[in-house]
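Okay, so here's the structure we're looking at.
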Amino acid sequence: MDWKDALLNIVTQPSSRLRFEEPLAKHTYFGIGGEAAAYIEISTVSELAALARFHKQWNVPIAVIGRGSNLLVSDTGFKGIGVRLIGELAKLEVDGDVVSVGAGLSLPRLSKTMSRRGLSGVEFALGIPGSVGGALIMNAGAWGSSFGDVVTNVTVMNDAAEMIELTHAEAKFEYRHSGLDTYFCVTGATLRLEPGDVDTITERMQTFYKQKVETQPFAEENAGCMFKNPPGDSAGRLIDISGLKGYRIGGAEVSTVHGNFILNIDNATAADVLNLVAYIQQQVREKTGISLQTEVKRLGFDTKV
Ligand code: EPU
């Protein structure tokens, strides 16, 4: 039996899916990248535990790609298994002001549902197209709020397929970073939100969304902000004053709306994007003395995978 046969035994639920040689471009907002050796949509904790045991036994690389909103996949693809969490792993349960949310749920869905329930704290998230799991690992944020701020506990699965509940402190949230990517998989979180008026919360959420649409590109394929902000400044502003808006390499272009977004405007390759990233870093360093660090996650660039 090879690892592909073994994988067939793991995906057992009717709502779960398994495909081999799956193009990852269609699972990322960038619309870029080659095939994954396999792609799974997994819907139960027990299947996920089986996948962790499979991983230990076969040592095939596994990457939870969430909604692929902050991800650049290599042109040669990923010689491993891309995973998306759905079903039981994307659940949403509300008990008063305590919300239990699965890592597979999308942030916009969470934001909209909470506004309808009159719970405040995630209004900022309507314009962030990622999954809760990705938002936990990246400590995603906008408009002065970060996802980690409302999180009391995080549940993760370790390499031994055990579920562990971490406290807020143990999750080690920082600006666009956490300590959560050391585990096999982040499975969900408990949030404490603030009860409030439905109309006020909805209006706040819509105001943030309007602000996003006015200041950030949304029509073209992109992966959100490409670089982290250096302390006390905006990467977008630095790219802007370095005269790089509209600069293009191959099919990748620096947005003319917001300098920190790279757009796939014409069948860009991952190589186009990385060449543009390197050019931006070099130009911004030359013009401002600041070294920009990327925020977008990469998959498949390691020679082994
Ligand atoms: N600015 C420019 N030119 C540009 C872009 C921005 O001059 O091309 C100026 C703006 O006019 C403003 C300042 O820079 O005075 C800050 O800009 P903005 O409010 O757009 O915020 P940002 O610091 O560039 C951050 C987050 C975004 C988040 C926005 C809104 C990072 C890397 N970026 O951007 O998050 O949506 O604030 O809160 O932290 C992301 O993480 O993917 C992302 C897009």
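The values are calculated or read from the model by the stated rules, or taken from the named source; none is laboratory data. Keep in mind it's a predicted model, so treat the numbers as computed, not measured. For neighbour counting, all protein chains shown are included, and Cβ atoms are generated from backbone atoms with ideal geometry for every residue, glycine included. Note: accessible area is taken over every heavy atom of the protein model, side chains too, but ligands, DNA and RNA are not part of it. Shrake-Rupley method; radii C 1.70, N 1.55, O 1.52, S 1.80 Å.
The HN-Hα couplings worked out from phi for the range 229-242 by the Karplus form 6.51 cos²θ - 1.76 cosθ + 1.60 (θ = phi - 60°) are 6, x, x, x, 9, 10, 4, x, 5, 5, 5, 4, 6, 7 Hz, whole numbers, x standing for Gly and Pro.
Let me have the 222 nm mean residue ellipticity of the chain computed from DSSP H runs of 4+ only, each contributing -39500 (n - 2.57), with the sum over all residues rounded to the nearest 500.
Numbers: 8 runs with 85 residues, N = 305.
After summing the helix terms and dividing by the residues of the chain, the value is -8500 deg cm²/dmol.
Relative to the globular-protein estimate of 2.2 N^0.38 Å, the Cα radius of gyration of the range 91-214 stands at 1.01. Count Lys and Arg as plus one, Asp and Glu as minus one, and take only other residues whose Cβ is under 13 Å from that of Leu238; the net charge is then +2. At the listed q of 0.20 Å⁻¹, the Debye profile of the range 3-87, built from one uniform point per Cα, gives log10 I(q)/I(0) equal to -0.87. Taking amide hydrogens as placed 1.01 Å from N in the peptide plane, the amide H of Gly188 sits under 5 Å from those of Ala103, Thr155, each at least 5 positions away in sequence or on another chain. Just the number, please: carbon plus sulfur as a percent of the accessible area of the range 62-153, 1.4 Å probe, no ligands or DNA/RNA counted. Reported share for carbon and sulfur atoms: 47 percent. The mean accessible area for residues of the range 169-305, using a 1.4 Å probe and ignoring ligands and nucleic acids, is 52 Å² per residue. Computed from backbone phi with θ = phi - 60° and the Karplus coefficients 6.51, -1.76 and 1.60, the 3J(HN,Hα) list for the range 21-29 is 6, 9, x, 7, 3, 7, 10, 10, 5 Hz; x is used for glycine and proline. Put the Cα centre of the range 229-255 next to the Cα centre of the range 143-182 and the gap is 30 Å. Measuring max minus min along each principal axis, the C-alpha atoms of the range 37-96 give extents of 47, 29, 13 Å (largest first). When each of the peptides 204-211, 61-68 is scored by the mean number of other C-beta atoms lying within 10 Å of its residues, the order from highest to lowest reads 61-68, 204-211. Expressed in Å, the radius of gyration and Dmax of the Cα atoms of the range 188-282 are 16.7, 49.
For Glu22, the residues whose amide H sits under 5 Å from its own are Ala36, Ala38, Tyr39, ignoring neighbours fewer than 5 places away on the same chain, with H placed 1.01 Å from N.
Could you rank the peptides 93-99, 265-271, 247-253 by their average count of other C-beta atoms within 10 Å per residue, with the highest value first?
Values: 93-99: 13.7, 265-271: 17.0, 247-253: 19.1.
Order by mean packing, descending: 247-253, 265-271, 93-99.
Remark: the range 108-181 is approximated by an ellipsoid whose semi-axes, taken from the C-alpha gyration tensor as √(5λ), come to 22, 14, 11 Å, largest first. Evaluated at q = 0.11, 0.14 Å⁻¹, the base-10 log of the normalised Debye intensity for the chain, with identical point scatterers placed on the Cα atoms, takes the values -0.69, -1.10. If both residues of a DSSP beta bridge must be in the chain, then about 75% of such bridges are antiparallel.
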